Amino acid sequence: MKLAVLAVSTLLFYIGLPHVASLAVMSVDLGSEWMKVGIVSPGVPMEIALNVESKRKSPAVISFRDNTRLFGEDAAAVGVKYPNKSFAYLLDLLGKSIDHPLVKLYQKRFPYYEIVPDKERDTIRFKLDEDTYFSPEELVAQILVKAKQFAEHGAQQPIKECVLTVPGYFNQIERKALLQAGELAGLKVLQLINDYTAVALNYGIFRSKTFNETTQYVMFYDMGAYSTSAVLIGYQTVKTKERGYPETHPQATVLGVGFDRTLGGLEIQLRLRDYLGKKFNEMKKTKTDVFTSPRAMAKLFKEAGRLKNVLSANAEHIAQVEGLLDDKDFKLLVKREEMEEMCKDLFERVKGPVQTALKTAHLTMDIVSQVVLVGAGTRVPKVQEVLQKYVKQDLAKNLNTDEAATMGAVYRAAELSTGFKVAKFITKDAVIYPVQVTFERPTEEGSVKQVKRTLFSLMNPYPSKKIITFNKYTSDFNFNVNYAELDYLPPNEVRYLGSARLSEFQLSGVSEALNKNSGKNAEPKGIKAHFQMNESGLLNLLNVELIVEKTILPEDETGTLSKIGSTFSKLFGGEEKPVEEKPTPETAEEKPVEEKAQEQPAEEKEDKPKQDQVKNETQKNETETAKETKPKVGTFKEPIKSTEHILTILPLDKKQMAEASEKIEKLNKLEADIKRRETAMNTLESFVIDIQNKLDEEDYKIAAKPEEVSKIKEACTEVANWLYEDGVDADTETYEKKLDELHALTRDLFSRVWEHRERPEAIKSLDTMLNHSSHFLNNAKNLTKKFNPQKDVFTEVEIETLHSLIVDTKQWKDKAANEQEKLGKSEPIKLTVKMVMDKIAALDREMKYLVNKLKFWKPRKVEKPVTEKPENGSDSSKKNESETTDSKDEVVIDVGGDEKEAEVTEDPNEADAKEDEHLEL
């Protein structure tokens, strides 16, 4: 990890921006099971933000119980006892209807959740109770809120901007749903980056120096909790001219992608859970079927997860659950071979994503230099065995499988933010769901023909823009944007994608635009629709416009310019002035060359070569004039209004977003209030215990009066008894009020103890300051006009001021210290630490003034009489001149033990230069 941070520090640095409150940015790798948060802040290039347990990753779980919202480990613990109150594996539920195959699979895996349809959006909601429902976007948003808190705690400043990783197989509606979840969490999502692209970026930034113009092919195989993907990446260096001059940058290009949405560690864990449940029923320890108890199944699910991880490193392990059902314990020895047998069909699917990735890239395995493992699922030995057998090469395990995507995404976040500058690393992602435009066109026979045009083909790189032209429409029309054929995917993956229909666009005002741009000189060139696939993989219709080519004649140009000139004359020139007629190119041509020669009689005297030159120039001008008289063709654009109608799951509208934001904000406030109450109660309890312990210490005993101790002990006992009896259910304000009362009661005692402890050190510092000041004063007296006319740095008033201050301070210290010594430890303080520090500050100000004056003092220049120089110059004169220019005066003053040397030169800019150097450091 240290090497990684060191390497990145050479690629990324902080640019100081004035008046900016927050510069840190974050990334969130929100997986189905775990969440990792990365941050970049000034002074810390890239790091993982720790959670409240100081761990680098947190379970992506949220729970609600007894008006308390919990996250991570706490929420997972609630899920064991109350599984229907704890929600996990939410990511793959975004943007799906109640009858979606993945929703049906989720209900089968976790039957204790009550999932109901959202009829307004044709999606789903979780029912918590009769009055509380949560959409997947709202639950994911709350998890992102907690991720934001982790990042802000790690960066020690507010964070608003982030980059979110997203599974590469997410479709358009799933990506939009995740963006809305980020918006509900109060985050500005700079980009959605595919998880495998983030991994490829993280892999490349540490190996960029090894890339060249020849492409290196690397495959990343990622098996997570929910899904598996394989991606083929091409690394090389490319030349760009973004800043006007050629530059060479490393680039990672996605060449092929394959995936399996339901192949992951979760499926292995579920099969182990069901196996353990079956074995428990066979033991017949109770008449109750374990599969009918949600709490028992949640306990088995947790144990199955632990068992899966242990069996990845051991050949066998004992699974055990205390009080599984009806207070009956469960214990069973499970072997790795048994796990592999029950998951045999899953391991047969391991090579599927690799095959699809090679197929989409149109490449073979022999060109791949390395297969890198990513994701916790690849730790299963059988997965590695099957994969290695297929790819026929050793598998690389040199990447941090848990944090690679997080670190790649946070690098991208730093690049997109305004507060950091990173070494450029280009990434080119690829379209895995081809997009096409379909529309209807009437035929000559009178029928209607459906036309399909591919907009973004399979593996087209993005971000990119495409334009499609409609040539035969003269009135308003519609066209659809859908997914194209997905023959390269297995049938089940096509079903998981959902509806192939995306949006219908209605274009209006077509005939009006055509009529507006009609005429004998106008020729319509069609209606162009401009589409963009942006960095987040989202398809957008940028604009639609009618393109018309118009032939512009010279008189049209002149007439137009004349009108414009006339308008400006009226606006700014008062009365309209007549426009002087100037000879046009046509009249100039009509005038013969001989006439021009008569108007210039001087040319008649020139010789024949000169006349030929004039003739050639005249012919050239005539040719250029003829070209100018030719008609010009101009292109004009007329905007066309477009309206989009989404044909699949609807995103949250403004009203629903506002309601969801209000709901989340109430939960955030409730959580903050609960945390504040717990903090107030714990602080009050700790303060009571702390006071009771301190009253037994010697320093407090001698500083407190008997009646004061009695009063404090009585108050502490009263508060302690109240805390453990009636105060358990008290509100926050009551805790804070009682704490303030105890503070007021003990403030004087604590202040006296602190003063007695700190006063000796403060007086010692004052004595040191007086000693240094006295040494400085003794030396400074020698730098006055009275004692040293040539080096009169200080005036008599300045010396006398410092002397008086030193004397007064010594007298005050001796008197105040003696008075304080006569007082008892429990009596009010007369000599406070603040008084001593004020005296030190006064001496320090006076000393700094005099030291700075000494630092910038320069001797007076003595003007020497001007003497005549010898004609040839002499060595002596040069020597005198050199001595005059380079002479230096030194002033050495002892400022209290350590000898300080101040060198004063005749260079007036020397001090400023030293100050500039200090500022740069």
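Descriptive notes on the structure:
- Note on the range 463-514: percent of Cα-Cα distances in each 10 Å bin, starting at 0 and stopping at the bin with the largest distance, equals 18, 35, 28, 15, 4.
- In plain terms, the residue of Met35, Met533, Met657 with the fewest other Cβ atoms within 10 Å comes first and the most crowded comes last, giving Met657, Met533, Met35.
- Measuring how big the range 431-552 is from its alpha-carbon positions, Rg and Dmax come out at 16.9, 59 Å.
- Pair-distance profile P(r), taking every C-alpha pair of the range 265-348, with 5 angstrom steps and integer %: 3, 15, 30, 25, 16, 9, 3, 0
- Sparse packing (at most 14 other Cβ atoms within 10 Å of the Cβ) combined with a DSSP loop state is found for the following GluC sites (Glu not before Pro) in the range 660-743: Glu697, Glu725.
- Value of relative contact order over the range 766-851, rounded to a whole percent, pairs C-alpha under 8 Å and six or more apart: 33
- Overall form of the range 301-443 per C-alpha gyration tensor (a/c, 1.5; a/b vs b/c): prolate
- Between Thr292 and Glu827, the modelled label-to-label distance comes to 8.4 nm, taking each label 7 Å out from Cα in the direction of the beta carbon.
- ³J(HN,Hα), Karplus 6.51/-1.76/1.60, whole Hz, each residue of the range 662-674, x for Gly, Pro: 5, 5, 5, 5, 5, 5, 4, 5, 4, 5, 5, 5, 5
- Put in order of Cβ neighbour count within 10 Å, fewest first, the listed residues Arg207, Arg752, Arg412 become Arg207, Arg752, Arg412.
- Among Thr643, Thr832, a tally of other beta-carbon atoms within 10 Å of each Cβ gives an order, fewest to most, of Thr643, Thr832.
- Whether the range 658-785 is rounded, prolate or oblate, judged on the alpha carbon gyration tensor where a/c under 1.5 counts as rounded: oblate
- Taking Lys and Arg as +1 and Asp and Glu as -1, the other residues whose beta-carbon sits under 13 Å from that of Met365 total +3.
- Summed side-chain charge close to Ser457 - residues other than Ser457 whose Cβ falls under 12 Å, Lys, Arg +1, Asp, Glu -1: +1
FYI, it's all coordinate maths here, none of it is from the lab. In this text, all values refer to a predicted model and were calculated from it rather than measured experimentally. Glycine also receives a Cβ, built like all others from the backbone with ideal geometry; neighbour counts cover every protein chain displayed.
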